[in-house]
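Working notes, structure below.
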Amino acid sequence: MGRAKRPTPPGPPHHEGRSRNGENIDAGESRAEEDKDPILDGKVLDDWEDFLPADQFRELIDAQVQGARECLQSLKIAVENGALDEVGELAHVMKSTSGSLGMSQVQAVAADLEAACGEGHGAIAFEMAPNIDDAMTKAINALDKRYGVQ
């Protein structure tokens, strides 16, 4: 008898069953209604929920939401201070962390903001920054609806 193989942790949002554009191309249906909604990638959330024990999954969700809120606050301060490099770094952090949790819309907005910063388009970047706040609010509300996030 062989040892039971531990499941592989969920990967980034570009995973099997997704097109390069992130569209759900699975023949089967996900448990999550959010798969139809670009705010959250329900498949990523389902994968994490299947991989982790319930208490650890809840800790992950709560910690990521708290971290996202803190990063968003830092981003607002960086924008107020006109710190383009810092805005770009924070956008990168938000892109990575939101993507790993399936916050698709936040990830997309953060990627656009990071690109604008990287290309030195400060005026555009500072104008785009509030879009992350809107996307984050929608994502947290969607997580709250699904998991009771505070």
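Each reported figure results from applying straightforward, stated rules to the coordinates on display, with no laboratory input. A quick note: this is a predicted structure, and the numbers were derived from the prediction, not measured. Here the Cβ positions follow ideal geometry from the backbone for every residue, glycine too, while neighbour counts run over all protein chains shown.
Assorted remarks:
- Just one of (1) touching a Lys or Arg at 6+ places or on another chain (Cβ under 6 Å); (2) without any contact (Cβ under 8 Å) to a residue 12 or more places away in the chain fails for residue 81. It is (1).
- Scanning the stretch 37-61 for residues that are in contact with a His (Cβ under 9 Å, 6 or more places away or on another chain) and either of a type in the set (Val, Ile, Thr) or assigned to a loop (DSSP other than H, G, I, E, B) (or both) returns a single hit, 44.
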